[in-house]
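Let me begin by presenting the structure, written as structure tokens, before commenting on it.
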Amino acid sequence: MSESTQVPITASVRHDVTRLDGRRLSADSVERIVVRRMSEAQVPALAMAVIDHGEVAYMAGFGYRDVERRLPLTDTTVMYAASLTKAMCAHLVMQLVDDGAIALDTTIEAYLPKPLPSYEKYAELAGDARWKRITPRMLLSHTSGLPNWRFTNADGKLDIKSEPGTHFGYSGEGINLLQFVIEAHTGKDVGDMMQPRVFDRLGMRRTSMTWQPSFESEYALGYDTAGVAVAHKRRTSARAAGSADTDLAAMASFVRGVLRGEGLSDSSRKAMLAPQIRIRTPHEFPTPTFDSTSRDDAVQLSYGLGWGVFRSPYGPAWFKEGHDDQSWRNYMVVFERSKSALILLSSSANAEPMFPGLLAEVLGDTYSPVEWMGYAR
């Protein structure tokens, strides 16, 4: 614990960090940067891992999983993954592609025993035959034309905003639809498939698509912008768009597994992390927002399959963000060439404005699309 800040630091791995530009940072330097950024942003909790040449160089929890009870955050504290779940689920989908269970460019109509609008959840699409053109590739790359969530529409109904396959529009509805199609086609629950094929395979010991009794021993509360505690939801059903709980150690194992290509053929891994569509929207949210800026052309901002992708002077990179409406804020970015990564998990709604500074100071990353994601510098 730093005497000047009284921020507990629980580090399980504590080596020097090598930034993208080759500059080395001591663990002490890393910690000073993080503590300062947390203080400036009024963030009570952050879990952070740095991966260097494919190995974890630094991993620690900063602050408290429960501020009132003064319980420190650690790398095994269960936290809400939010939309990081989408990247994990993409790994399962690409395994199913390798198995021949689904094909990325076969329309979802081919995998359903009856037309999509015949199901109550999707009945509102009955008057729009464009659903028949939607494919798994479109759903994973957020080009299906579906809104992020139907409840954001004035009438609360599901609709198709643009011609499938033509525009990027982030869509939780689309990812959940892909889950629905896979379960209808295979007869298997996606949550049940995720456990052995992704979480167990990649050594993610405290990760599940639904709340588990074992999580009760160590989990984080959320904190809103005023620092008021928000209960950790105990989700009982798997949602591919974002139901997973996890911890920092598990997410570091996940990123290392994706770097190594574990569980995937070379072709599926390359497809997952390859640009599927260029993004020229000024912001990720709200959706839909259509092309109107060249701001991110320098990094060729695009979306792959479950992951955002961009280019940098240090080679190709892939990233995934995740948050909810009240407290949780997460980000992970991976640079393929150097096998470097930064993983940030926070239970505080104040965390995103400090992410650009952490990316720049700890990793030397000034290329992540922070303006597009709505992070303030």
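The table that follows gives values for the structure above.
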read-out: Residues being within 18 Å of Pro356 (Cα to Cα) and in contact with a strand residue (DSSP E or B) (Cβ under 9 Å, 6 or more places away or on another chain) - total across the stretch 290-326; value: 17
read-out: Residue tally, condition of a type outside the set (Gly, Ala, Ser) and either open to solvent by less than 40 Å² (accessible area, probe 1.4 Å) or not in a loop (DSSP other than H, G, I, E, B) (or both), over the stretch 223-265; value: 15
read-out: Residue within the stretch 72-92 that is among the acidic types (Asp, Glu) and without any contact (Cβ under 8 Å) to a residue 40 or more places away in the chain present; value: no
read-out: Test: residue in the stretch 60-67 that is under 30 Å from Met193 (Cβ atoms), in contact with a His (Cβ under 8 Å, 6 or more places away or on another chain) and crowded, with 19+ Cβ neighbours inside 10 Å; value: no
read-out: Per-region count, the stretch 188-216, residues under 29 Å from Arg260 (Cβ atoms), part of a helix (DSSP H, G or I) and of a type outside the set (Lys, Arg); value: 12
read-out: Pair list, Cβ < 7 Å and 6+ apart or interchain, from the stretch 39-64 residues that are farther than 28 Å from Ser338 by Cα and modelled with pLDDT of 95 or more to residues that are in a helix (DSSP H, G or I) and not hydroxyl-bearing (Ser, Thr, Tyr); value: Glu40/Met354; Ala41/Pro353; Ala41/Met354; Val43/Met354; Gly63/Met38
read-out: Qualifying residue in the stretch 100-111 (condition: surrounded by fewer than 17 Cβ atoms within 10 Å (Cβ to Cβ), in a loop (DSSP other than H, G, I, E, B) and in contact (Cβ under 8 Å) with a residue 40 or more places away in the chain); value: yes
read-out: Pairs where the first residue, in the stretch 119-134, is in a helix (DSSP H, G or I) and the second is basic (Lys, Arg), C-beta under 7 Å, 6+ apart; value: Glu124/Lys157
read-out: Residues located in the stretch 188-222, provided they are open to solvent by 20 Å² or more (accessible area, probe 1.4 Å) and either touching a residue at least 40 places away in the same chain (Cβ under 8 Å) or among the acidic types (Asp, Glu) (or both); value: Asp189, Asp192, Arg197, Asp200, Arg201, Gly203, Arg205, Arg206, Glu216, Glu218, Tyr219, Leu221
read-out: Criterion (out of contact with any Gly (no Cβ under 8 Å at 6 or more places or on another chain), touching a residue at least 40 places away in the same chain (Cβ under 8 Å) and open to solvent by 50 Å² or more (accessible area, probe 1.4 Å)) met by exactly one of Pro286, Pro316, Pro282; value: Pro286
read-out: Any hit, the stretch 356-369, residues being touching a residue at least 60 places away in the same chain (Cβ under 8 Å), aliphatic (A, V, I, L, M) and touching a Phe, Trp or Tyr at 6+ places or on another chain (Cβ under 6 Å); value: no
read-out: Glu336 being open to solvent by 10 Å² or more (accessible area, probe 1.4 Å) and in contact (Cβ under 8 Å) with a residue 40 or more places away in the chain; value: yes
read-out: Within the stretch 271-323, considering residues that are of a type in the set (Val, Ile, Thr) and part of a strand (DSSP E or B), the one nearest to the chain's Cα centre (by Cα); value: Val309
read-out: Residues of the stretch 147-187 classified as outside any loop (DSSP other than H, G, I, E, B), of a type in the set (Gly, Ala, Ser) and surrounded by fewer than 17 Cβ atoms within 10 Å (Cβ to Cβ), total; value: 1
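The values are calculated or read from the model by the stated rules, or taken from the named source; none is laboratory data. All values reported here derive from a predicted model rather than from experimental measurement. With ideal geometry, Cβ positions are generated from the backbone for all residues, glycine too; neighbour counts draw on all protein chains shown. Keep in mind that these areas ignore ligands, DNA and RNA; they rest on the heavy atoms of the full protein, side chains included. Shrake-Rupley method; radii C 1.70, N 1.55, O 1.52, S 1.80 Å.
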